[in-house]
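Since every read-out is calculated from the coordinates, none of them should be taken as a lab result. Fair warning: this is a prediction, and the values are worked out from it, not measured in the lab. So basically every Cβ, Gly included, is an ideal-geometry build from the backbone, and we count neighbours across all protein chains shown.
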Amino acid sequence: MDRLHQIAERFAAAAPACDYWTLRLVDEESEHLAVRQGVVEPSALGASLGAMVTLVVGSGVGYGATSDLSPAGLRAAADQALGWAARHAWLGVFDAAQYPRSALRADYRGPVAEPWETMSLPDKLLLLQEANQALALDDRIVDWSAWLAYRRVQQLLVTSDGGHIAQVWTYVSPGLAAVANVGSQTQRRHGGGADWSQQGGLERVSAAGLLADAPRVAEEAIALLTAPECPRDTRDLVLTPGQMVLQIHESIGHPLELDRILGDERNYAGTSFVTPEMFGTYRYGSDLLNVTFDPTVPGELVSGAADDDGTPSRREYLIRDGILERPLGGVLSQSRSGLPGTANARACAWDRPPIDRMANINLEPGEGTLDALIAGVELGILMDTNRSWSIDDSRNKFQFGCELGRLIVDGELKGLVRNPGYRGISAEFWRRLDGVGGPATCEVRGVQNCGKGEPNQSVYVGHATPPARFRSVAVFGGGE
Amino acid sequence: MNQDAFYSLSEQICAGLRADEHLFCSLDAESSDFVRLNHNRIRQAGAVRSAVLGLNLISGARQAEASCDLSGELEQDLTLARGLLARLRERLGHVPDDPYLNYSTEPSFSDCRVGETPPDAGAAVADLTMAAAGLDLVGIWASGEISTGLASSIGHRHWHASTSFNLDWSAYLESDKAVKASYSGLTWELGVLVDKLAAMRQGLAVMAHPARVITPGRYRAYLAPAAVAELMNMLAWGGFDLKSHRTRQTPLLKLVRGERTFDPRVTIREEQDRGLTPAFTGDGFIQPGQVTLIDQGRFGHCLVDARDAKEYGERVNAAGGSPASVGLDPGELASADVLARLDTGLWIGNLWYCNWSDPNDARVTGMTRFGTWWVEHGRIEAPVKVMRFDDSLYHLLGDRLEALTTARDLLMDPQTYEGRSTDSALLPGVLVGGIELAL
C-alpha cells in the first residue's frame, strides 16, 4: 500500500485542472496451484498494477486507465480522460454535475487468520496430492482435480475533495472436482470449497473441508451415474444454500440493479422486469422474503468500507417481509433515477470503470432446521450445487440445473436423482417461498464470476443464505 | 507496447537465463477507446492502455508460469520481469517434473498485421448519434490496436497486431421490444452504418405491432446467423476440446460413440487461416490453417493444445480447446427464400444466455431475444414475447434440420472480458422443422 500512496501523492501534486478528479490504484497479486490426476499442473503467479483516472470537467466526465504509473503515464491517462469528458459534455446522457464526489477517509483490511505465505509450496502441493488420492475411488472416476487459488487486492482511491480510501481484500479459494462416467453417462460433483468462497487466508482450506470432502464428492459422482432421472412434474422444492446462492443472484440481485432499470445494460446483460414505480409497494415474494445489501458480514466476499465511487458501505434492506423497498444503485444511478440505492458502484479491476453491481446480497434467516424444511414436504425434491443457469434479459423466465437431487417423500429424504433442474418466473417464484432456515443453517457463500457491463467486467459477489423451501415448482431431469 | 520494444525486453530478460533454462515470453497488449451508449447518448467513455507480459520458465522437465502488467518503460519493466523470473526459478526447485511439458524446440517467425489506422472514436460516435437520431440506441463502441507477441530464448519471434473497431448495439421500441445490429471492421464507413440503421428502423416498424404470445411447444423456426452463433458457442464449451473427450465430459459424447449424428450437411471447422487471430500458440507451435471439427454430421478432429497433445499423444493443432475462428459450411437455401420455406413459425434473430440443460444429450436451454418474429404463410406478422427453448443439438443440427442458407455472416466477437476479443464466426442461417419452447 505504501507504493500506492507514493503514486497518489505524486499525482495529486500535479493534478490536472478540472472540477473533480479521482485516482483509483489497484495492486493485485495471485497464485494458482492445481493437481489433476496426481500430476501437478504448471503453477501460475500473477501481478497486476494499474490506475484509473476519472475527471469531471463542466458537464462531462471521462476516464483514462493505464499500467504506466510514471508521472508522464498518469498525465497521458488524464489527457485521455479530459478528451472523453469533453465528448461527454457534448453528447452525455447525464450532466456530470450529478457525478458522485467523495471526501470519505476510510480503511478496510479483510480478515486473514493464516496468511498464504505461512504454508510452503511443497506442503500446499502435498495437500492437493492427498486430496487427489482421496478422489480417485475407482475406474469410474475418469477425471479428478484439486486446487488452491490465492488473490490479494489492494486498492487506494483518492479524490480531489480529500477522499482517501485504502482497502485490502484477501481470498484463498480451495476446490475439488470429480468426474464419473459409465458408457455415455457422465456426472460431475464439486466440493471442498469450490462453491463456498469467502475472504480469508489458509484457514479457508480447513473451513471448506478440502481434504475431508473428497470422498463424498467422488462417491456422489459415482452414485449419480446409476441414479434415476429427476422426475418431470410439479412438486415442492427445497434448495440448499449452495443453490440458493444462484437463485438469489439471478432472480433478485440482477433484477434490482438500477443501471438495468435505467436501461444502460439493455444491449448486453439486459433490462429488468422491475420498474421504478414498484419500489415501496410491489410484493416480490412471500412474507418470509427478507433480503439485505450487507457489506458488514465478516468474511463475506464483498464486505468492505466503501464502493469504488467512495460511497461508504452500509447495510440496507432491499426486500422486507416480501415487499420491494430499495434497488441496487450507486450514487450516480440514484441521482439519475430519483430512487434510493446502495454503495455498489464497483469495478472489476483498474482498467474498468465502476458500474452498478451486486456486492453482498443476503437472504435473512427464518426459523428452524433443514430437517424441519424437509419434514414439511409431502412430495418434493432437494437440489444442491448449481451446474446450469439461464434467465431471460428481464431476469424473469429462468431455468436452473443442479449437480445432485434427492427425492423427498412424506417429509423424509429418499434416493438420489440425476440431472435435476427446475424452471419458473422470478415474479411468481418468490411468492412460493414458504420456508426459510434459521440462523444456524445460514451459510456465507458467493460467486466469483458475475459478468456484466460494456466493456465486460467479471466480479466477486457475496451471498449469505439459509436453505429454503418453495411450493409447486416445475422440475425435470435429463434426456433429449 | 510495440513489436521492437517487446522483442528488446524479451531479449534482455532472456540474457539472464542459465544454461539449462528456456524462457517463453508472451505479450497481450491493447490500446482501446470504449464508449458506452444509452438513449443514443454517451453513458460512459474512456480509454484503456494495457500490456501484460507472460513468462514461462522451463528447466529440464519442470516449468512455472507468471504474468505482470508492463508500464512501457524499459528499465522499470525489466526490473519487474527479472524479479518475477527469480521467483519462478526458486519455484522450480519445489515443483516436480511435469510429464506433460510440451513446447516447440524449433525457432520460428511470423509477423501479421491487420488494419492500419483506427477511426477517430470521438468522431465516429458523433456520427453515430447523429445518424441514429430518434432511435433509443444502447450499446458499446470499442476501437484501437490489439497486439499479441511471443518471443523465446530458443528463437521464436511472433507478432500479431490488429487495428479495428467493433460497434455492437441495439435499438429499443419499448420494454423488451428491440432489434440488434453490429458493425465491425478495419475502415469506418458512415454509409454502411446508415444502411444498417435504416434496416433497424424497418425492424422497429414491425416491432410496433402487438406482440404475439405463444405457448410452450414445438415450432418450426429459422435461426439467423447471430442465433446460430449462440449454438456454436455452446459447442465450443467442451465440444471439441481433446481433454473433455478423453475424460468423457464432452457434450458430444454420444456423437463420438456413434450413438447419435448430426445432419450430413453439418460441417464445422476451425478456420485459423481467416487471419484474425494469432497463428502461433504460447508454446511456439504453429496452428494449421483449418481443422475439421464436425465432418458431414460426424465427429472430425479435436482441438489439441500443447499440454493435451503430450498427455494424449496427439499433434498440437490449437492454442486452446475452443474454436477462435469457427465456421459452419453454407447450404443451399437462398436468403430470399427463407420466409417462404419457413412458411409458418418463428424467425429467431438472436438467442441469449444459453447453457447446457443436460450435457449428456447435448441439450441446450436459452432465450429468444431481440428481433424474433412470428411468420405466417411466409409473411412476418408480429414480434414474439421472449420464450425459453430447451432442446437437443442432435435435433436442431440433426433430425430436424431442414436447410442451411447459402449466405453466411462474419460475426466479430464483441466480448471484452480479458481484453478485446479477436474471435469471429462465419455462419449461415439454419431452418429447423421444430424447436422445443419450454416457458
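Between the listed residues B:PRO330, B:VAL206, B:ALA151, the Cα displaced farthest toward the positive end of the dipole of chain B, a dipole computed from Cβ unit charges relative to the Cα centre, is found at B:VAL206. Look at the dipole of the protein assembly as shown built from charges on Cβ: of B:CYS302, B:TRP373, A:TRP84, the Cα furthest out on the positive end belongs to B:TRP373. Between amide H atoms placed 1.01 Å from N, distances below 5 Å from B:ASP409 occur with B:LEU427, all of them 5 or more places distant or on a separate chain. When B:ILE58, B:ILE380 are sorted by how many other C-beta atoms sit within 10 angstrom of their C-beta, beginning with the fewest, the order is B:ILE380, B:ILE58.
Among B:ASP423, B:ASP136, B:ASP176, the residue with the largest mean-square fluctuation in a Gaussian network model of chain B, with springs joining Cα atoms closer than 10 Å, is B:ASP176.
Dipole of the protein assembly as shown computed with +1 at Lys/Arg Cβ and -1 at Asp/Glu Cβ about the Cα centre; of B:VAL364, A:GLY368, B:PHE262, farthest Cα towards the positive end is A:GLY368. Computed from Cα positions, the angle between helix B:3-14 and the longest principal axis of chain B comes to roughly 40 degrees.
Within the set B:LYS177/B:LYS385; A:LYS124/B:LYS310; A:LYS452/B:LYS177; A:LYS397/B:LYS254; A:LYS452/B:LYS385, which residue pairs have Cα atoms separated by over 19 Å? Cα-Cα > 19 Å for A:LYS124/B:LYS310; A:LYS452/B:LYS177; A:LYS397/B:LYS254; A:LYS452/B:LYS385; rest within. About its Cα centre, the range A:233-476 has a charge dipole of approximately 320 debye under the convention of +1 per Lys or Arg Cβ and -1 per Asp or Glu Cβ, with nothing else charged. Here the Karplus curve 6.51 cos²θ - 1.76 cosθ + 1.60, taken at θ = phi - 60°, turns the phi angles of the range A:363-369 into couplings of 8, 5, x, x, 9, x, 9 Hz, with x standing for Gly and Pro. For the range A:134-222, the mean projected area of the C-alpha convex hull, equal to one quarter of the hull surface, is 7.3 nm². Comparing Cα centroids, the range A:111-173 and the range B:362-435 end up 40 angstrom apart. The range A:1-15 and the range A:224-297 have Cα centres separated by 42 Å.
Counting beta carbons within 10 Å around each of B:ASP399, A:ASP392, A:ASP107 and listing the fewest first gives the order A:ASP107, B:ASP399, A:ASP392.
Based on DSSP H segments of at least four residues, each scored -39500 (n - 2.57), chain B has a per-residue ellipticity at 222 nm of -6500 deg cm²/dmol. Among B:THR79, B:THR247, B:THR372, the largest mean-square fluctuation in a Gaussian network model of chain B (Cα springs under 10 Å) belongs to B:THR247.
What does the structure give for A:423-433 when I average, per residue, the other chain Cβ atoms found within 10 Å of the residue Cβ?
That works out to 1 on average.
The fewest-to-most ranking of B:HIS158, B:HIS301, A:HIS5 by surrounding Cβ atoms within 10 Å reads A:HIS5, B:HIS301, B:HIS158.
Each Lys and Arg adds +1 at its Cβ and each Asp and Glu adds -1 at its Cβ; summed about the Cα centre, the protein assembly as shown shows a dipole of about 1220 debye. Among beta bridges from DSSP that stay inside the protein assembly as shown, the antiparallel ones total about 85%. Placing unit charges on the Cβ atoms only, positive for Lys and Arg and negative for Asp and Glu, gives chain B a dipole magnitude near 1080 debye about its Cα centre. Helix B:225-236 and the long axis of chain B differ in direction by around 40°, with both axes built from C-alpha atoms. Specify the inter-centroid distance of the range A:364-378 and the range B:211-226, based on alpha-carbon positions, in whole Å. The distance from the Cα centre of the range A:364-378 to that of the range B:211-226 comes to 40 Å. Our coupling estimate for the range B:129-139, obtained by passing each phi through the Karplus curve with A = 6.51, B = -1.76, C = 1.60 and θ = phi - 60°, is 5, 6, 5, 9, 3, x, 8, 8, 9, 9, x Hz, Gly and Pro reported as x.
Which loop-located GluC sites (Glu not before Pro) does the range B:206-280 contain, where loop means any DSSP state but H, G, I, E or B and the Cβ has at most 12 other Cβ atoms within 10 Å? Can you show the working numbers first?
Numbers: sites: B:GLU230, B:GLU259, B:GLU270, B:GLU271; in loops: B:GLU259.
Those that pass, being in a loop and sparsely packed, are B:GLU259.
Here's the list of lysines a cross-link from B:LYS196 could span, going by alpha-carbon distance under 16 Å and ignoring same-chain residues fewer than 8 apart: B:LYS180. Inter-chain Cβ neighbour count for A:72-82, averaged per residue, equals 2 (cutoff 10 Å, partner chain atoms only).
Quick one: grab the alpha carbon gyration tensor of chain A, order the square roots of its eigenvalues as a ≥ b ≥ c, and give me rounded if a/c is under 1.5, else prolate or oblate depending on whether a/b is larger than b/c. Cα axes put chain A in the oblate bin. The Cα atoms of chain B define a convex hull whose projected area, averaged across directions, is 21.8 nm². A Gaussian network model of chain B, with springs between Cα atoms under 10 Å, assigns the largest mean-square fluctuation among B:ALA15, B:ALA64, B:ALA407 to B:ALA15.
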